[in-house]
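The values are calculated or read from the model by the stated rules, or taken from the named source; none is laboratory data. Every value quoted in this text rests on a predicted model; they were computed, and no experiment measured them. All Cβ positions, even for glycine, are placed from backbone atoms using ideal geometry, and neighbour counts span all protein chains on display.
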Amino acid sequence: MCRVVDLQQAVLAKNDACAHTLREDLAARGTALVNLLSSPGSGKTALLERELTLARSRKIPVAALTADLATENDAVRLARSEVPVKQVLTDGLCHLEAEMLGGHLHGWLPADTRLLFIENVGNLVCPASYDLGETLRVVLASVTEGEDKPLKYPTAFGLAHLVVVTKTDIADAVAFDEAEFRANVERINPGVEVVLTSARGGTGEGALLDRALAARDGAPVHIPVMTRKSHHVHDVEDGRPYEAGDAPDGEHTHAPREHGGHPHPTGSDTVASSRS
Ligand SMILES: Nc1nc2c(ncn2[C@@H]2O[C@H](COP(=O)(O)OP(=O)(O)OP(=O)(O)O)[C@@H](O)[C@H]2O)c(=O)[nH]1
Ligand SMILES: [Mg+2]
């Protein structure tokens, strides 16, 4: 069991090192990476479509890479904004990792890109463990998912620099309790900003873009209480916490095993659009 824990630590440590290098490489060329995490169907692509279109209308050079287990549906949608878009198919992997991301960016990312948006695989567990070299880590939650999700997925919410609520146009229909949601976010990640959006209703349009540009230009980014290091020491043996770390509520992420083992599958990619 110790060997499994050591392997997990090693995988995450290696990812952190790759993420550090990627962050430095991107910063040297003036690009900030925005990592979008959420459960499947929260509205990542819909909101991103809005933000990319707005960025293009403002003549801000942006690009987007979207990751899924299958289909190029999201790249096709995002490409409607007419900014450079790339689809990555993860070949069964439930998250992106820094090394594979770096490989996909190599030779593709336009030199003048100021913001690179990454739509991670729809999943609130696995992607939370992997730093991608982001300047801004954003977790999205739609009003239909329930106010308790920050408590149930503390790593995803706890490490976020920004929390975005989506689909607020249907908040009343599903009796979304905004105050309760905000209180739960505050419990897990004190002080983090919560932004309300509706891709369908046009609410909060540009909020993500504005926050990302500010971060890219050096504005201070929220510093979560939870640290990645503290989060790297979770595992379960026979249903008991093996080593709990200090994540809120003792969440266990099983990061490297969740997708059936490591090292990484190769992943495949296709360029759905590369216009700017
Ligand atoms: N009412 C409403 N529906 C929305 C909104 N944004 C997205 N949706 C709907 O929610 C569904 C999922 O939206 P997506 O943008 O595909 O969600 P996603 O997070 O990208 O999904 P995955 O990539 O599969 O994880 C679609 O049917 C969208 O039309 C919104 O602001 N309001
Ligand atoms: Mg999507």
Unmet criterion (only one of (1) part of a helix (DSSP H, G or I); (2) farther than 17 Å from Thr168 by Cβ) for Leu47: (2)
Residue within the stretch 232-250 that is farther than 30 Å from Thr53 by Cα, modelled with pLDDT of 50 or more and part of a loop (DSSP other than H, G, I, E, B) present: yes
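Among the residues of the stretch 181-199, write down those that are touching a residue at least 60 places away in the same chain (Cβ under 8 Å), assigned to a helix (DSSP H, G or I) and β-branched (Val, Ile, Thr). Spell out how you get there, then give the answer.
Quick first cut of the stretch 181-199, residues touching a residue at least 60 places away in the same chain (Cβ under 8 Å) only: 187-188, 197, 199.
Imposing the further condition that a residue be assigned to a helix (DSSP H, G or I) reduces the set to 187-188.
Ile188, the sole residue that qualifies.
Here's the yes/no breakdown for (1) in contact with a strand residue (DSSP E or B) (Cβ under 7 Å, 6 or more places away or on another chain); (2) within 16 Å of ligand 1 (Cβ to nearest atom):
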| position | (1), (2) |
| --- | --- |
| Thr31 | yes, no |
| Val34 | yes, yes |
| Gly43 | yes, yes |
| Leu47 | yes, yes |
| His95 | no, yes |
Residue within the stretch 134-150 that is farther than 17 Å from Ala32 by Cβ, more than 16 Å from ligand 1 (Cβ to nearest atom) and among the charged types (D, E, K, R) present: yes
Hits in the stretch 53-78 - residues which are surrounded by 23 or more Cβ atoms within 10 Å (Cβ to Cβ) and more than 13 Å from ligand 2 (Cβ to nearest atom): Ala55, Val62, Ala63
Residue within the stretch 65-83 that is more than 15 Å from ligand 1 (Cβ to nearest atom), β-branched (Val, Ile, Thr) and within 26 Å of Asp217 (Cβ to Cβ) present: yes
Gln87, sole failed condition from (1) within 16 Å of ligand 1 (Cβ to nearest atom); (2) in a loop (DSSP other than H, G, I, E, B); (3) surrounded by 17 or more Cβ atoms within 10 Å (Cβ to Cβ): (2)
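Out of the stretch 140-180, which residues are part of a loop (DSSP other than H, G, I, E, B) and in contact (Cβ under 8 Å) with a residue 40 or more places away in the chain?
Step one: filter the stretch 140-180 for residues part of a loop (DSSP other than H, G, I, E, B), giving 143-148, 153, 159-161, 167, 171-177.
Correct list: Glu145, Tyr153, Leu159, Ala160, His161, Lys167.
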Residue match in the stretch 109-119 (condition: assigned to a loop (DSSP other than H, G, I, E, B) and within 17 Å of the chain's Cα centre (by Cα)): no
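Scan the stretch 139-158 and give yes if some residue there is closer than 21 Å to Arg216 by Cα and touching a strand residue (DSSP E or B) at 6+ places or on another chain (Cβ under 6 Å), otherwise no. Spell out how you get there, then give the answer.
Our first condition is that a residue be closer than 21 Å to Arg216 by Cα; within the stretch 139-158, this holds for 139-140.
Now drop any that are not touching a strand residue (DSSP E or B) at 6+ places or on another chain (Cβ under 6 Å), which leaves 139-140.
Checking the stretch 139-158: at least one residue is closer than 21 Å to Arg216 by Cα and touching a strand residue (DSSP E or B) at 6+ places or on another chain (Cβ under 6 Å).
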